[in-house]
Amino acid sequence: MELLAKERQTLERHLPGLDEALAKVPLLVLESPESPGIQLFREAGGAALLVPEHYSGMGVSALDAVRITRALGSRSPSLVVATTMHQFSVATLVEMDARSEGLEGLFLQAVAEQRLLMASGFAEGQTGQGILSPGMEAKRAEKGVIVNGSKKPCSLAKSMDLLTASLAVPKENGDGMELLVALIPASTPGIERRPFWNSNVLAGAESDEVVLNNVMVSNRLLFPAGDTSTLDPIQMTGFLWFELLMGATYLGAVSAMVERVIQSKRGTAIERTQLGTEIESAMGGLEGIARSMMAGEPIDDEALARMLFVRYSVQRAIERAGDLSLELLGGMAFSTSSELTYLLAASRGLSLHPPPRTRMAQALADYLEGQPLAMQ
């Protein structure tokens with residue numbers, strides 16, 4: 001089967017016409033601050049991909065989500081970086097809905113029916129912070145909490161309809177701290193957007209700073225997400241989704257480079273096969289994680305460790321495939337177009353997302369020796 005055919009067929013099945021629409025826009029336009037990509041995604045109904053069908057969503061499987069993400073990444077890395085943060089927020093909310101009788105379902109239905117996009121105010125972009133670690137300060141008020149702080153970079157800063165944020169507040173009984181997830185309408189007084197992203201790489205992801213100044217969040221927009229001292233099932237599920245989709249995001253970007261090598265028949269058959277081996281093996285690892293999630297396998301230390309091993313193997317495969325693709329496409333491709341070097345730079349973004357290999361090395365080495373996995 002042709003490279004990326006399965007992924008693009010999956011995208012077409014769920015979001016008809018989006019792949020064709022993106023393919024018609026030059027790559028560097030899609031990657032610019034004026035990119036039409038996010039709006040095209042919204043119009044195609046992409047906000048509803050992970051929302052369950054009983055909430056008017058598409059309820060796509062983890063496997064289809066991985067394939068769709070890779071397909072989008074091959075067309076526009078900026079678009080898929082931005083929208084993966086939306087999908088991560090949706091997946092976390094879906095898991096919370098499955099474990100409570102709160103209002104999460106009403107918000108999920110609104111996301112699907114009104115095509116709302118959710119930006120992530122979680123701490124996943126901050127060095128040394130866990131994915132759901134509180135990134136903002138919150139204090140209890142009479143009818144909710146008051147939030148102060150900022151998220152930078154915050155993808156979808158311009159296009160977001162809702163901002164999700166994790167908040168640590170004292171438990172109602174005063175015994176320790178609890179983690180809350182807040183859903184904050186983007187129009188809430190006290191929310192400000194400030195320029196932040198100065199790089200031309202992934203400039204279409206709208207990754208600017210979102211500042212919250214004494215933002216009042218009512219109790220009906222707050223949802224319990226476990227204890228701050230441990231990773232509970234909600235946080236572990238969110239972690240799996242984040243790592244899974246981010247891996248597919250950047251694999252999509254480097255797949256666009258490999259696709260150019262294949263189409264131009266550069267290098268030898270052995271070299272082109274080597275490229276295919278790198279990226280298809282990486283995709284196989286991601287699909288394996290997705291199938292495990294779909295099978296309902298326990299989300300425990302083993303699942304988290306397996307996800308990390310796959311994520312780091314994908315990261316290295318991207319590096320090798322990107323370097324070889326650049327070499328095979330040669331100097332003329334390098335000197336006559338900025339697309340090749342752009343894709344190479346964009347594909348390396350996975351290394352910037354937590355947790356970095358260096359931070360988890362000792363914990364994973366200890367895990368292989370039989371110790372519990374210590375998330376750093």
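The values are calculated or read from the model by the stated rules, or taken from the named source; none is laboratory data. Here the structure is a predicted model, which means the values were calculated and not measured. Note: ideal-geometry Cβ built from the backbone for every residue, glycine included; neighbour counts use all protein chains shown. In case anyone asks, the SASA skips ligands and DNA or RNA and just uses the protein heavy atoms, side chains included. Shrake-Rupley method; radii C 1.70, N 1.55, O 1.52, S 1.80 Å.
Summary of the geometry: segment 212-273 and segment 59-108, compared by the centres of their Cα atoms, lie 10 Å apart. Length, then width, then depth: along the principal axes, the Cα atoms of the chain run 68, 50, 38 Å. Backbone phi angles across segment 357-367, fed through the Karplus curve with coefficients 6.51, -1.76 and 1.60 (θ = phi - 60°), yield HN-Hα couplings of 4, 4, 6, 9, 4, 5, 4, 6, 4, 5, 4 Hz in residue order; Gly and Pro are listed as x. Kirkwood analysis of segment 19-99, using all unique Cα-Cα pairs, places the hydrodynamic radius at 13.2 Å.
Each Cα pair under 8 Å and six or more residues apart adds its sequence gap; the mean of these over the residue count of the chain is a relative contact order of 17 percent.
When the gyration tensor of segment 303-376 is built from Cα positions, what are the square roots of 5 times its three eigenvalues, in whole Å, from largest to smallest?
Equivalent ellipsoid of segment 303-376: 34, 11, 8 Å, largest first.
For segment 255-376, the solvent-accessible area with a 1.4 angstrom probe is 49 square angstrom per residue. A Cβ-based charge dipole, computed about the Cα centre of segment 1-126 with Lys and Arg at +1 and Asp and Glu at -1, lands at about 280 debye.
For segment 301-307, the Karplus equation 6.51 cos²θ - 1.76 cosθ + 1.60, evaluated at θ = phi - 60°, returns couplings of 3, 4, 5, 5, 5, 4, 4 Hz by residue, with Gly and Pro reported as x.
With the simple spin-label model, which puts each label point 7 Å out from Cα in the Cβ direction, the residue 56 to residue 21 separation comes to 1.9 nm. Per-residue ellipticity at 222 nm computed for the chain from its helices equals -16500 deg cm²/dmol, with DSSP H segments shorter than 4 residues left out and the rest contributing -39,500 (n - 2.57). Take the solvent-accessible surface of the protein heavy atoms, probe 1.4 Å, and return the percent of it on segment 1-104 that carbon and sulfur atoms account for. Whole-percent figure for carbon plus sulfur exposure: 51.
Shown in residue order for segment 112-117 are the 3J(HN,Hα) couplings computed by the Karplus curve 6.51 cos²θ - 1.76 cosθ + 1.60 at θ = phi - 60°: 6, 6, 9, 6, 7, 10 Hz (x for Gly and Pro).
How large is the convex hull of the Cα atoms of segment 35-80 per residue, expressed in Å³ as a whole number? Write down the numbers at each step before the final one.
On the way: hull volume 2.7 nm³, N = 46.
Enclosed volume per residue, from the Cα hull, is 59 Å³.
Ligands, DNA and RNA left out, the 1.4 Å accessible surface of segment 223-376 is 56% carbon and sulfur atoms.
Partner aspartates and glutamates whose Cα lies under 13 Å from the Cα of residue 171, excluding those fewer than 8 positions away in the same chain, are identified as 227. What residue among 214, 173, 148 has the largest mean-square fluctuation in a Gaussian network model of the chain, using Cα springs under 10 Å? Its mean-square fluctuation being the largest, the pick is 173. Computed from Cα atoms, the angle from the helix 233-264 axis to the main principal axis of the chain rounds to 20 degrees.
Please give the helix 269-294 orientation as an angle from the longest Cα principal axis of the chain, in degrees from 0 to 90, rounded to the nearest 10. Compared with the principal axis, the helix lies near 20 degrees.
Charging the Cβ of each Asp and Glu at -1 and of each Lys and Arg at +1, and nothing else, the dipole of the chain about its Cα centre rounds to 800 debye.
Which FRET efficiency, nearest 0.05, do residue 101 and residue 148 yield, Cβ-Cβ r, R0 45 Å?
Working: r = 30 Å, r/R0 = 0.67.
Computed FRET efficiency for residue 101 and residue 148 comes out at 0.90.
Rounded to the nearest 20, the size of the Cβ-charge dipole of segment 132-225 about its Cα centre is 100 debye, with Lys and Arg at +1 and Asp and Glu at -1. When the chain is treated as a Gaussian network with alpha carbon springs shorter than 10 Å, the biggest mean-square fluctuation among 301, 175, 232 belongs to 175. Within the same chain, lysines fewer than 8 places from residue 6 are excluded, and of the rest, none has a Cα less than 16 Å from its Cα. In this simple spin-label model, placing a label point 7 Å from the Cα along the Cα-to-Cβ direction at both residue 273 and residue 171 gives a separation of 6.0 nm.
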